[in-house]
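The values are calculated or read from the model by the stated rules, or taken from the named source; none is laboratory data. Note that the structure is a prediction, hence the values are computed from the model and not measured. Don't worry about glycine lacking a Cβ; one is built from the backbone with ideal geometry, like all the others, and counts go over all protein chains shown.
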Amino acid sequence: NDNGYMILPLGSNVFVTPVAIALEDNETLTVVSNIRATSTATTGTVTLSRITAQGEVTTTQSLAETPTKNARGMVTLPSGDYLLYGEITSTETGEDVMLMRLTQSTLAPDSSFQNNGLLQINITTVPEGADGTEFNDTARHVQIKDSNTLLVTGLTTLDEFGEERSAYLLQLSMDGVLDTAFAGTGKRVYQLSELPTDADNDISGYDATGIGIAADSDTYYLAIQRSFFSNDQAVQVIKVGLNGDVDTNWLPGSNGYSLYHGAGLKIFDFLETQGGLLFSGQKFNNLGNNSLSELWLGEITTAAELNPNFGSFGQRTVSVGRRDETFVAGQVSTFSASLGHLLLGGQAATWQTTPQTVPYVLKLDSVGQRTNTFANLGLVSTVPDTTLGPMSSATVGAIKENSAGEVLLSASGNVSVSAGDEQAMATLNKFSNLGALDSGFANNGVLSLLASEYQAESTALELTQLTTLPSGNILALGQATASCYVHSIAFVIPSSGSLPAHFDYPIPSGYSCSPNAHKVSMIHTVGSSLVGVGQSQPGPTAPQLLLAKANEAGVPDTSFGTDGLALLDIGLSVGDDITMKGSVVDASQGFIVFGHAGTKNFIVRVTSAGALDTSFADGGVLMFEQISGEAVLINQAWIESNGKLLLFAQASSSKSLYVGQLLLSESPGSWDTSFDEDGTQLFSSAISGELKTVIQHNSSTEFTFVLQQSSPARVSLQAGQVVQQ
């Protein structure tokens, strides 16, 4: 109709569930619906409705109310008629398999098929003296093998107490007669002991339901759902021949192929493809204290192995309903197998009324596509499971990939230990180069740090920078919030993930209460030393640049600054608040520090001894507010291969992106007029969103802008390069 949808008039005060749609032509379709008296009823009546493209119901056919029925699906036969399948209630044998043939023209039962259009099959013979109503069967799938052959599968109950329920396979002719060419009788019930086994995952007693069939002339692949008390746990495939027996040579020692997932795996459909055998269904996961389900696809070859050319290692999941996505950190991969790939880290909100923020790492290949060699098509999402329990929500602090392709992800959040007891924690999560948590690192891949153990009365602890040291240890820069101060802490974490050594950057006594009173924003490794770079603001005075040099144990290098600490006046005013954006180590082992304070951008050059390099710009400091007449804020910079400083900025109003270049050798601190007349260029004016960072590629002149959109919160990328003239 005019709204693009319609509501079928199928009665009032009833529960309607559509189960199948048949598209007859471009103008007509038929819908099969189950009608229930209550929301919990498992059987009722079945109605078919023929609808035109204009939303007009031209034909309605309701099947007889007794006995009660449950439709599972419907297939179109070679003749054009329909075969409806599901269950029908029997007073003697419980729920039986129902096959009902319907003529396409009227949707009425075809009286030439079996019993006035109905074929009712009891799969398991009821033993003498047993209660037959407990021997329930289901029909979950009907496959048209050829013009005269039907295959049916589902579940049958093997005992009176429902303790054993397993899959069956039927082969019938189109007129509903069991075909003795299969298994001698046309019917084969598989005992649980015949189904695939795995020494590491004992599901031998789990229910088995036939869900799908892939059929060749003399070979059938039967997809089976294994469940425990209605919890779907695993998916299996067995290969059978015309004799109906399981082919034990297909995967010797296992009787078939199995796919497991700890939180649950459910199959909806099963298809034969060019690549092999395709499953579709749901994968269940736990995120902190919450659970979710994702669309799941998996493909195995007919050689009984995951198809490496499908998804990631043969599987992929698709999450829907994620809300805001926020970028925090990124880098280019130096791992030989993914050289030049991009890693992005941040958090995304879940679909709940009170959203949960979930950390993620996304890996993209060199053309911006999700890679199939890391996690789920390049994406891994996790709410850290700490030593005190799962975080309720978590935000990302930093990511770092090492040369082996292993990815470190830091996250922070609160853990509810008991009613009224929330503990602030930070975690370091380590993933293998395939995207799985490294069980050999810390506690199953997660190192937990309790904020209060490192700074009394801390309400938060974040790890905002991760660096792999030459020793193989991991350097993490922590920021602990306590009262109105942020305390900077350097953690040196053993490569095994055991508890780290650490040292503080203490806030001098008497400093005014401020998060930026004495804060280190980044740490550089220079030889065997660590140099922290940040800001210091003792009180109602102009903020200063802070550099602190020490060894890995935190012992100050007294040859640097004053007793290892350099506090530098860079020409700011009282009330200015510094935003540190970054720093780089130059060829002389000195430092170039950049950021902004209000509308003023600064680039500062510091010698290796901790003093302003007066040969650079104006006494070691370059200040600017505009590029090409437009107010901008600097975002990123690095030293390119010719020894010049390449910098990136975004216009405050128009959001345009600019690229500039500074000289560092001749006329240090001057704009490079060979780059353009004023040393800067407009990269793009058609930009929306906030520039979060610029990621340097393996070539120092190639880069990717990372932009954060606000509503809805999404992350976008724009690649570019500098071509020297």
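Can Thr38 be described as within 28 Å of Ser173 (Cβ to Cβ) and either of a type in the set (D, E, K, R) or touching a Phe, Trp or Tyr at 6+ places or on another chain (Cβ under 7 Å) (or both)? Before the answer, list the steps.
On the way: within 28 Å of Ser173 (Cβ to Cβ): no; either of a type in the set (D, E, K, R) or touching a Phe, Trp or Tyr at 6+ places or on another chain (Cβ under 7 Å) (or both): yes.
Answer is no for this residue.
Considering only segment 103-128, state which residues are under 46 Å from the mean Cα position of the chain (by Cα) and closer than 16 Å to Ser173 by Cα. If the condition is that a residue be under 46 Å from the mean Cα position of the chain (by Cα) and closer than 16 Å to Ser173 by Cα, then Leu119, Gln120, Ile121 are the ones that fit. Within segment 598-618, the set of residues being of a type in the set (S, T, N, Q) and surrounded by fewer than 22 Cβ atoms within 10 Å (Cβ to Cβ) comprises Thr599, Thr607, Ser608, Thr614, Ser615. Annotation note: of Leu242, Leu251, the sole residue that is out of contact with any strand residue (DSSP E or B) (no Cβ under 8 Å at 6 or more places or on another chain) and more than 26 Å from Val380 (Cβ to Cβ) is Leu242. Look at segment 340-361: where a residue is closer than 18 Å to Ser711 by Cα and a partner is among the acidic types (Asp, Glu) and in a strand (DSSP E or B), sitting 6+ places away or on another chain with Cβ atoms under 7 Å, you get Gly346/Glu325; Ala348/Glu325. Considering segment 434-451, the residues that are of a type in the set (A, V, I, L, M, F, W, C) and crowded, with 21+ Cβ neighbours inside 10 Å include one that is nearest to Thr382 (Cα to Cα), namely Val446.
Annotation: of all residues in segment 285-314 being touching an Asp or Glu at 6+ places or on another chain (Cβ under 8 Å) and at pLDDT 90 or above, the one that is nearest to Leu379 (Cα to Cα) is Gly311.
Out of curiosity, is Ala215 hydrophobic (A, V, I, L, M, F, W, C) and surrounded by 14 or more Cβ atoms within 10 Å (Cβ to Cβ)? Show your work before the answer.
Values: hydrophobic (A, V, I, L, M, F, W, C): yes; surrounded by 14 or more Cβ atoms within 10 Å (Cβ to Cβ): yes.
Taking the combined requirement at face value, the residue satisfies it.
Per the listing Gly244, Gly281, the residue uniquely in contact with a Lys or Arg (Cβ under 7 Å, 6 or more places away or on another chain) and under 23 Å from Asp218 (Cα atoms) is Gly244.
Counting the residues of segment 491-503 that are closer than 24 Å to His524 by Cβ and within 30 Å of the chain's Cα centre (by Cα) gives 7. Of all the listed residues (Thr89, Thr138, Thr125, Thr106), the sole one being in contact (Cβ under 8 Å) with a residue 40 or more places away in the chain, of a type in the set (Ser, Thr, Tyr) and not in a strand (DSSP E or B) is Thr106. In segment 397-414, the condition of being within 30 Å of Asp365 (Cβ to Cβ) and of a type in the set (Asp, Glu) is met by at least one residue.
Can you spot a residue in segment 335-358 that is in the same structural domain as Asn402 (by the TED database), in contact with an Asp or Glu (Cβ under 7 Å, 6 or more places away or on another chain) and outside any strand (DSSP E or B)? Spell out how you get there, then give the answer.
Let us first name the residues in segment 335-358 that are in the same structural domain as Asn402 (by the TED database), namely 335-358.
In the following step, the residues that additionally are in contact with an Asp or Glu (Cβ under 7 Å, 6 or more places away or on another chain) were identified as 335, 341, 343, 346, 348-349.
With outside any strand (DSSP E or B) added as a condition, the list becomes 335, 341.
Yes, because at least one residue in segment 335-358 is in the same structural domain as Asn402 (by the TED database), in contact with an Asp or Glu (Cβ under 7 Å, 6 or more places away or on another chain) and outside any strand (DSSP E or B).
May I ask you to verify whether Leu63 is within 24 Å of Thr93 (Cα to Cα), touching a Pro at 6+ places or on another chain (Cβ under 9 Å) and touching a residue at least 24 places away in the same chain (Cβ under 8 Å)? Considered against the rule, which asks whether it is within 24 Å of Thr93 (Cα to Cα), touching a Pro at 6+ places or on another chain (Cβ under 9 Å) and touching a residue at least 24 places away in the same chain (Cβ under 8 Å), Leu63 comes out as yes.
Selection of segment 391-449 for residues being acidic (Asp, Glu) and assigned to a strand (DSSP E or B) yields Glu401, Asp421, Glu422.
In the set Thr103, Thr28, Thr68, Thr43, which member is surrounded by fewer than 20 Cβ atoms within 10 Å (Cβ to Cβ), among the β-branched types (Val, Ile, Thr) and in contact with an Asp or Glu (Cβ under 6 Å, 6 or more places away or on another chain)? It would help to see each step written out before you state the result.
On the way: Thr28 fails: in contact with an Asp or Glu (Cβ under 6 Å, 6 or more places away or on another chain); Thr68 fails: in contact with an Asp or Glu (Cβ under 6 Å, 6 or more places away or on another chain); Thr43 fails: in contact with an Asp or Glu (Cβ under 6 Å, 6 or more places away or on another chain).
Selected residue: Thr103, the only one of Thr103, Thr28, Thr68, Thr43 that is surrounded by fewer than 20 Cβ atoms within 10 Å (Cβ to Cβ), among the β-branched types (Val, Ile, Thr) and in contact with an Asp or Glu (Cβ under 6 Å, 6 or more places away or on another chain).
Can you give me the ranges of the strands (runs of 3 or more DSSP E) entirely in segment 522-620 with at least 2 residues that are over 39 Å from the mean Cα position of the chain (by Cα)? Quick ask: steps written out before the conclusion?
On the way: elements: 529-536, 544-550, 565-568, 578-585, 591-597, 600-606.
Strands (runs of 3 or more DSSP E) meeting the threshold: 544-550, 565-568, 600-606.
Here Gln54 clears all of (1) touching a residue at least 24 places away in the same chain (Cβ under 8 Å); (2) more than 24 Å from Phe15 (Cα to Cα); (3) in the same structural domain as Val152 (by the TED database) except the condition numbered (3). Within segment 701-725, the set of residues being assigned to a strand (DSSP E or B), farther than 14 Å from Leu691 by Cβ and hydroxyl-bearing (Ser, Thr, Tyr) is empty. Restricting attention to segment 350-372, the residues being surrounded by fewer than 19 Cβ atoms within 10 Å (Cβ to Cβ) and over 18 Å from Leu295 (Cβ atoms) number 9. Evaluating Ser656 against the criteria (1) in contact (Cβ under 8 Å) with a residue 12 or more places away in the chain; (2) among the polar types (S, T, N, Q); (3) surrounded by fewer than 15 Cβ atoms within 10 Å (Cβ to Cβ) leaves one unmet condition, (3). Considering (1) more than 28 Å from Ser217 (Cα to Cα); (2) assigned to a strand (DSSP E or B), the lone condition that Ala263 does not fulfil carries the number (2).
None of Ser381, Ser393, Ser338, Ser403 is buried (at least 19 other Cβ atoms within 10 Å of the Cβ) and under 24 Å from Leu469 (Cβ atoms) except Ser338.
May I ask you to list the residues in segment 499-515 that are crowded, with 20+ Cβ neighbours inside 10 Å and assigned to a loop (DSSP other than H, G, I, E, B)?
Restricting attention to segment 499-515, the residues satisfying the condition of being crowded, with 20+ Cβ neighbours inside 10 Å are 500, 505.
Scanning segment 499-515 gives a single hit, Pro500.
Looking across segment 295-319, just one residue is under 21 Å from Pro384 (Cα atoms) and either surrounded by fewer than 17 Cβ atoms within 10 Å (Cβ to Cβ) or touching a His at 6+ places or on another chain (Cβ under 7 Å) (or both), and that is Val318.
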